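What follows is a short report on a single structure.
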Amino acid sequence: MSTTDWSVRYLWLAILSACGVVGAWIVDSTFVLSVAYVTIAAFATLALFHAYRLRTRARSYPQKIDRVP
């Protein structure tokens, strides 16, 4: 998966999480913490999965590493 694909995923996750926080704030201000925790977990999971894919790809194809200079 190219860097652009991952950037788009992170961007959409950020946009959706911002909409979720706004929606939670409108419904119930105490619910915002729960939405924030879920957002943190989603970003962490996506980042770890991305790092894992880069690591396994580096072993398989050492010349084709998905890194941003």
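Computed quantities for the displayed model
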{"item": "Residues of region 36-55 classified as in contact (Cβ under 8 Å) with a residue 24 or more places away in the chain and either in contact with a Lys or Arg (Cβ under 8 Å, 6 or more places away or on another chain) or farther than 28 Å from Gly23 by Cα (or both), total", "result": "3"}
{"item": "Residue in region 6-34 that is surrounded by the most Cβ atoms within 10 Å (Cβ to Cβ), counting only those that are of a type in the set (A, V, I, L, M) and within 21 Å of Ala51 (Cα to Cα)", "result": "Leu13"}
{"item": "The lone exception for Tyr37 - which of (1) modelled with pLDDT of 70 or more; (2) surrounded by 14 or more Cβ atoms within 10 Å (Cβ to Cβ) it fails", "result": "(2)"}
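Here is a yes/no grid of residues against (1) modelled with pLDDT of 80 or more; (2) of a type outside the set (Phe, Trp, Tyr); (3) outside any loop (DSSP other than H, G, I, E, B); (4) under 18 Å from Arg9 (Cα atoms):
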residue: Cys19; (1), (2), (3), (4): yes, yes, yes, yes
residue: Gly23; (1), (2), (3), (4): yes, yes, yes, no
residue: Phe31; (1), (2), (3), (4): no, no, yes, no
residue: Phe43; (1), (2), (3), (4): yes, no, yes, yes
residue: Phe49; (1), (2), (3), (4): yes, no, yes, yes
residue: Arg55; (1), (2), (3), (4): no, yes, yes, no
residue: Arg59; (1), (2), (3), (4): no, yes, yes, no
residue: Pro62; (1), (2), (3), (4): no, yes, no, no
residue: Ile65; (1), (2), (3), (4): no, yes, no, no
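The values are calculated or read from the model by the stated rules, or taken from the named source; none is laboratory data. Only a predicted model underlies this, so the values are computations on that prediction, with no experimental measurement involved. Using ideal geometry, Cβ is built from the backbone for each residue, glycine included, and neighbour counts are taken over all protein chains shown.
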